[in-house]
Amino acid sequence: MLPLMVEVRLENVTHIYVTEKGLKTVALDDVSITFPSGKITGVLGPSGCGKTTMLKIIAGLLRPTKGKVYFDDKDVTDLDPQKRNVAMVFQFPVAYDMSVYDNIAFPLRIRGVPKDIIHRKVMEIVDILGIDRNILNKNAKGADPGLRQKIAVARAIVRDADVLLLDEPLTNLEPLVRIELKTKLKEITQKMKITTIYVTHDQAEVLTLAERIAVMNIGKIIQYDETTRVYEYPIHEFVGYFIGNPGMNYIECSLNEEKSVLECKGFEYTLNRNEVEVLVKYGKEFKLGIRPEHIIIDESKSDKGIKGKISLVERIGTAFLYHVEIAKETTIIAKTYKQIGLREGDTISITLPKDKVRIFDKKTGYRILP
Amino acid sequence: MRMKTIINIVIIAIIALITLFPLYWLIITSLKSYTEIYANPPYLYPPNPTLQYYIEALYKFYGLKYLTNSLVIAVTNAAISTLASLLAAYAVSRFNFRGKDNLFFTFVSMRMAPPAIFAVAYYYIFCRTLGLRDNILALIILYNVFNIPIAIWLLLSALEAIPKDLDAVAQLEGLSHFKILFRIHVPIIKGTVAVSYLLTFLNAFNEYLFASFITSTEARTITTALQGMITVAGVYWSQMAALGVLSALPGIIIAVIARRYLVTGLTMGMV
């Protein structure tokens, strides 16, 4: 049986925490967002940006200070969590003090599902998640975090919930288990077509799992779009910096007197007339953004491009990161998978492909071009 | 290393001797006759052990009745106070309500004053107002006043250690608060619940002060019965010792059964 697909909609939701001493913290600030039915949506943001608060409001564990929550067209703002048919998996694996089998069967038993159906469903999910059938009778209390999290996921999906909320489910797991469970989650969510909201601060997880992502910061949704759009066209410099490994490079620039080029630290960036027309409306100060993987390192050592000295070479996985000092206190990071044998101290020239350069307003941080 | 072990054993043996000797003396006294008790030099063992004084204590001095009273009071009271405390601790731990902190302080502060302070008040409440003089019901109710704070304090720290995420998941799975408490939390903290039951049981079973003025004959408890063996006609040492041994038994049995829980109950494991 496929669960009913439900669209989750938040309308002008504000949530304010009040401490005992009367201090107020705004966790969510007038958030409106729609999570499409039957799809995985990622929610990304630094710690304390309000991600978990938003999930708890969707689950009904918190009642928003202001605003409404809708499941399809039904207003569920005041509905108890017990009545929402939402499943949630937390960062810290939650398993009850009972056997692995009982843990997974528990949500169905509560609902009075017949025994043979429970057994069939539990076994089905045990096999999907790759839980060893021999350990089903062991107590979940002593299990390792990886297995406990699998149990938690199994319990969440066994009962055909309308909405699945995942709150950093992989953060506390060992790397190998993390990769395994990530693959399983992708398989399951694609097969089950359940509305899934995946919250994390690890972008690598979200980029592989989600079709659309919402990037949050300080209680607001900064950008909500398809994953590739968020990556290619960050709406705000925060998004460009937060998404990407490492994030976007930013170089401070100002429009010159003749209004023809951007004078950046270490180089000049030529503008065409249309671009200038747009930019002048925003004043003179800008930030030029470029992703490290889009920078082209000129191996021919020609005179073209921006000259700079390599101050540091890093490796992340199979990639190399070159920290290139192009002016005093201005360093650009270039990322490449090619082995080009450059060392710290070498002088190189780099070019910034025009179609990959984004220009942001220095004052507000929002993208202006393109 | 071996030297250290020997010293340890010697120290433990001395402590055990100091702790257990009075108990040993109680037991041999219960088996000795009046003249044997007063013999000089004293016998370190009963020369002619007899169970006669046990029989006398139980039947002639109504020991059986008083023992039953004490057990009924303790079993019932411990059950009531543990259950009530479980609910109260859950509320304090999981809900926010006005005056929560003060409420908890009020509970605990009841334990700080010497119980005798409340004696007159309780005498009026139970004997005059409620008319429960010499009724075991009075003690079953009264002991809650002293047992509930201890049990709340014990259970609250155990409940606080259970992550709130567990409640959240259970709530989303459709469980009411009662079910969360009894089906999810209680299995996790069962050790602490057991400790709470046993401690409140012992408190109720061992209580003397209030039992002595609220009860007289019908509802008399074992602790006050012991006092009753000091009469104008003399002290019935052997029978008193026999009843003493019997009244010490529940505590000893509990300590043996719950040894594991008593040690680990407070440092309970968490899922």
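Please treat every number below as a calculation from the coordinates, not as lab data. The shown structure was predicted, so the numbers you read here are calculated from the model rather than taken from an experiment. Please note: Cβ atoms are built from the backbone with ideal geometry, for glycine as well, and neighbour counts cover all protein chains shown.
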Next item on the list: Would you compute, for the Cα atoms of the range B:32-170, the largest minus smallest coordinate along each principal axis and list the three values in descending order, in whole Å?
Entry: 67, 40, 27
Check: Among A:Leu136, A:Leu164, A:Leu55, which one moves the most in a GNM of chain A with springs linking Cα atoms closer than 10 Å?
Finding: A:Leu136
Next item on the list: Express the Stokes-Einstein translational diffusion coefficient of chain A in µm² s⁻¹, to the nearest whole number, given a Kirkwood radius over alpha-carbon pairs, 4 °C and a viscosity of 1.567 mPa s.
Entry: 56
Checklist line | Rg/Rh for the range A:245-369, where both radii come from Cα atoms and Rh is the Kirkwood radius | finding: 0.99
Item checked: Reachable lysines, given that their alpha-carbon falls under 23 Å from the alpha-carbon of A:Lys191 and they are not under 8 places away in the same chain -> A:Lys39, A:Lys121, A:Lys150, A:Lys182
Margin query: What is the distance in Å between the Cα centroid of the range A:222-244 and that of the range B:119-191?
Written below: 53
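Quick one: net charge around A:Ala319, please, counting Lys, Arg +1 and Asp, Glu -1 for every other residue with C-beta under 15 Å from its C-beta.
In short, +2.
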Item checked: All-pairs alpha carbon distance profile, chain B, 10 Å steps from 0, percent -> 6, 22, 26, 23, 15, 6, 1, 0
Notebook entry, point to check: Sorted from largest down, what three extents in whole angstroms do the Cα atoms of the range A:69-224 have along their principal axes?
Noted result: 47, 38, 27
Item checked: For B:Asn48, net neighbour charge (Lys/Arg +1, Asp/Glu -1) across residues whose Cβ lies under 10 Å away -> 0
Check: Given the options A:Thr171, A:Thr14, A:Thr25, which has the most mean-square fluctuation in a GNM of chain A, springs set between C-alpha atoms less than 10 angstrom apart?
Finding: A:Thr25
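If you look for lysine pairs in chain B that are eight or more places apart or on different chains, how many of them have Cα atoms under 26 Å apart?
Lysine pairs satisfying the spacing and distance rule in chain B number 8.
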Margin query: If packing is taken as the average number of other Cβ atoms within 10 Å across a peptide's residues, how do A:128-135, A:355-362 rank, most packed first?
Written below: A:355-362, A:128-135
Note to self: Can you report the principal axis dimensions of the protein assembly as shown using only the alpha carbons, biggest first, rounded to whole angstrom?
What the structure shows: 122, 67, 53
Item checked: Charge tally in the Cβ shell below 12 Å around A:Cys49, where Lys, Arg are +1 and Asp, Glu are -1, A:Cys49 excluded -> +1
Check: What is the average number of partner chain Cβ atoms found within 10 Å of a Cβ in B:154-166?
Finding: 2
Checklist line | Per-q log10 I(q)/I(0), the range B:1-50, q = 0.16 Å⁻¹ (Debye; single scatterer per alpha-carbon; no solvent) | finding: -0.57
Next item on the list: Between the alpha-carbon centers of the range A:339-370 and the range A:50-92, tell me the distance in whole angstrom.
Entry: 41
Checklist line | Average Cα contact separation per residue, chain B, under 8 Å, 6 or more apart, as relative contact order % | finding: 31
Next item on the list: Loop only per DSSP, at most 15 neighbouring Cβ atoms within 10 Å: give me the GluC sites (Glu not before Pro) in the range A:261-370, ordered by residue number.
Entry: A:Glu299, A:Glu329, A:Glu344
Checklist line | Eligible aspartates and glutamates near A:Lys354 by straight Cα distance, threshold 20 Å, same-chain separation 8 or greater | finding: A:Glu232, A:Glu237, A:Glu252, A:Glu263, A:Glu268, A:Glu275, A:Glu277, A:Glu285, A:Glu293, A:Asp298, A:Glu299, A:Asp303
